[in-house]
Amino acid sequence: MVLHLLLICSIASAAPVAKRMVDMTYTFDETTLNYPGMKKFDITTLVNGTTDQGFWLRYEEFSVGIHVGTHMDAPAHFSKNGITIDEIPVSRLIAPAAVIDITAKAELDPDAEATVEDLLRWESVTGQSLNETILLLRCGWGKKWGDQEAFFGTSDNDPNNLHFPGLAPDAARWMVENRNILGIGTETLSFDNGPSVNKDVHQILLGHGLFGIENIANMDKIPIYGATLYVMPMKIGDASGAPTRIVATFPEIMFDYSTVSTAKDTESCYTI
């Protein structure tokens, strides 16, 4: 049995690690939800057909508010001296994901907030530090995408009557005072919860140089720890934000150890 396990470990160590890839970006089209007051996505086809020269040609032009759909907020969005989207170093755009799951709280209260206790619980459960991660708030709101009333938490388009989960201001202050976190992302319209008036979390995090990502898709398809995020905003000069493509990758399980009685001995062979 020991020799068998050693052989499996050796093969696992030598073989390429298969990775699962998850697209965490919503498609931009006429159904894209936009924060009240922001310009909706609009696309116009200018050419679509065979040219006089006999070859096929198609192209479009589009217009959209900066902070619509899956997008990034640069520090400049809420900080007078903050950097713009084109100034964010690429080294900060590829990083481990730390998924803080507050779905259970959000099911009871649509305005629920992730607290310091939730952040510390993630560190305790995973045995990892939040330092150098992109913190993601998972609350189950992705299932509501496409249904404006459910996603906004209101039947009207009033920005003063929104209801969805977010990060507590106290947790935001704790983050900038105690951890080196690169950015924050959420499934919802904003990482401040719906009823927030002053957008304190935006002010705190962006004011300390973090970026924010809103309207992230498929957050329920990645683990709470172990995924790497590739976050690529459109490089718009001197802008407060940009539409963003996000891809997550994480290792697949290469062997099924569920039938091995000494599974603890195999844990060093792979990482999930």
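Here the dipole of the stretch 160-248 is about 240 debye; that uses its Cα centre as origin and unit charges on the Cβ of Lys and Arg (positive) and Asp and Glu (negative). Can you tell me the FRET efficiency between H208 and D158 if r is taken as the Cβ-Cβ distance and R0 is 35 Å, rounded to the nearest 0.05? So the FRET efficiency works out to roughly 0.70.
Mean projection of the Cα convex hull over all viewing directions, computed for the chain: 19.3 nm². Taking all protein chains together and a 1.4 Å probe, the residues R173, R121 rank R121, R173 from largest to smallest accessible area.
The residues of the chain expose on average 51 square angstrom of accessible surface per residue, using a 1.4 Å probe on protein heavy atoms.
Projection of the Cα convex hull of the stretch 121-242, averaged over all directions and equal to a quarter of that hull's surface, yields 8.3 nm². Think of the stretch 149-206 as having a plus end and a minus end, set by charges on the Cβ of Lys, Arg, Asp and Glu; of T154, P169, I181, I181 sits farthest toward the positive end of this dipole. Compute the distance from the alpha-carbon center of the stretch 97-125 to that of the stretch 209-226, in whole Å. Cα centroid of the stretch 97-125 versus Cα centroid of the stretch 209-226: 13 Å apart.
In the complete set of protein chains, residue-level accessible area for E177 is approximately 140 Å², probe 1.4 angstrom. Estimated at the nearest 10 Å², the accessible area of K19 is 130 Å² with a 1.4 Å probe. Each helix, a run of at least 4 DSSP H residues, gives -39500 (n - 2.57); summed and divided by the residues of the chain, these come to -5500 deg cm²/dmol at 222 nm. Of the residues A217, A106, P251, the one whose Cα sits farthest towards the positive end of the charge dipole of the chain is P251 (charges of +1 on Lys and Arg Cβ, -1 on Asp and Glu Cβ, taken about the Cα centre).
In the stretch 19-53, which residues have a backbone nitrogen under 14 Å from the label point lying 7 Å from Y230's Cα in the Cα-to-Cβ direction? Correct set: 19-25. Of the residues P75, Y230, S240, the one whose Cα sits farthest toward the positive end of the charge dipole of the chain, with +1 on the Cβ of Lys and Arg and -1 on the Cβ of Asp and Glu, is Y230.
Apolar share of the accessible surface for the stretch 183-254: 53 percent from carbon plus sulfur atoms, 1.4 Å probe. The GluC sites (Glu not before Pro) of the stretch 96-169 that meet both conditions, a loop assignment by DSSP and at most 14 other Cβ atoms within 10 Å of the site Cβ, are E132. The label point for L46 and the one for D170, both projected 7 Å from the Cα toward the Cβ, are 5.4 nm apart. Multiplying the residue separation of A18 and E60 by 0.36 nm and subtracting their alpha-carbon distance yields 11.4 nm. Counting only alpha carbon atoms, the long axis of helix 2-14 and the longest principal axis of the chain meet at about 30°.
Here H208 sits with roughly 120 square angstrom of accessible surface, probe radius 1.4 Å.
Ranked by solvent-accessible area (1.4 Å probe, protein heavy atoms only, all chains present), the residues I83, I213 order from largest to smallest as I83, I213. Note on the stretch 71-168: Kirkwood hydrodynamic radius from all Cα pairs is 15.6 Å, rounded to one decimal.
The values are calculated or read from the model by the stated rules, or taken from the named source; none is laboratory data. The shown structure was predicted, so the numbers you read here are calculated from the model rather than taken from an experiment. Note that each Cβ is placed from the backbone with ideal geometry, even for glycine, and that neighbours are counted across all protein chains shown. Ligands, DNA and RNA are stripped out before the accessible areas are found, and what is left, the full protein with its side chains, is counted by its heavy atoms. Shrake-Rupley method; radii C 1.70, N 1.55, O 1.52, S 1.80 Å.
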